[in-house]
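Note sheet for the following structure.
The values are calculated or read from the model by the stated rules, or taken from the named source; none is laboratory data. This is a predicted model, so every value here is computed, not measured. Cβ placement follows ideal geometry from the backbone for every residue including glycine, while neighbour counts extend to all protein chains displayed. These area figures cover heavy atoms from the full protein model, side chains too; ligands, DNA and RNA do not enter into them. Shrake-Rupley method; radii C 1.70, N 1.55, O 1.52, S 1.80 Å.
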Amino acid sequence: MMMMMMIYGTASAATNRPTLSITVRDGHFDNENYLNYFCPTLSSTYTKTLHKPLLADLQYGFLLAPSSTKPSCSIWCKVTKQIHKWKITTGAALASIPPQKEQGVFSNVKADIDLRVEHDQRDVSARLYASDLSISRLECTKGFDLQNTNRFIVNPRYNPQTHHADVIFGYVTTATKVKVRASVQCQEVSIAQQINTRNVLIPTIASNGDVTLRWERQLIPQRPVFGGGGQKEEDASYIATTLKPSDSIHVEWKDGPWNAIVNIPIDGTDVHSGSNVSIRREVTF
């Protein structure tokens, strides 16, 4: 069993102080490098408004995770600008990955670009994602407002690198959310049903035989769950249990700043070794 305890320090927007997280875990390691036991991560996000001539919102930040086995470091930025009711967001990131043997100095640097275009009134958006100057994902989303605040969504997606294409259909009401993902290789349907103000059941069935059942129980009653007006993620309090037969049981307990996750591998009714437990507490300085 592996147990991890993560302590987060989150900065306020006014001070823009970095966020420090420390993961504490047990286990045996081949060397005595303390980074394998504590795994610190340092990150920060900054926001700035750009004035004339650009008139846009700028966000940028960094993430640093030192480790003796898989160190990582990344910097990123995002610019958002409104042009005739269209919101255009351009993001870029540079990240380092562990170098491989017999590779050059710059072979462990990865560059990503994310371009999004959205129009709220027309309920339409498009996205282009590129990695290492090669387009890896194209997608667009169109929503249709129906009667009684119901909504229908169509989301086709395509990966030029793998030539994989699929489409997602969604139907959302105040108490029900249906999601269908279809491709040539696999089809999947998921139905999220709000039972009452505390409980939501989400069964998922795939054409390859995979079945998943998720049960979400809100610690604080809320209504509606899918139609808007729910809790913010930082204030959410719930227990979510996900069962994948012959695979695993995943339990997440979130209560405001506290977050606990338990993952138990199973095979039928047998419980395998190798369970993972993590406990996280967010602290605002």
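For this structure, a couple of remarks:
- Taken over region 112-140, the criterion of being at negative phi and either touching a helix residue (DSSP H, G or I) at 6+ places or on another chain (Cβ under 6 Å) or not in a strand (DSSP E or B) (or both) is satisfied by ASP120, GLN121, ARG122.
- Of ILE168, ILE191, ILE220, ILE202, all but one fail to be open to solvent by 40 Å² or more (accessible area, probe 1.4 Å), of a type in the set (Val, Ile, Thr) and either at pLDDT 95 or above or not in a loop (DSSP other than H, G, I, E, B) (or both); the exception is ILE191.
- Filtering region 171-188 to residues that are among the β-branched types (Val, Ile, Thr), open to solvent by less than 70 Å² (accessible area, probe 1.4 Å) and farther than 20 Å from THR242 by Cβ leaves VAL172, THR173, THR174.
- Region 146-161: number of residues that are over 30 Å from ALA130 (Cα atoms) and open to solvent by less than 40 Å² (accessible area, probe 1.4 Å): 1
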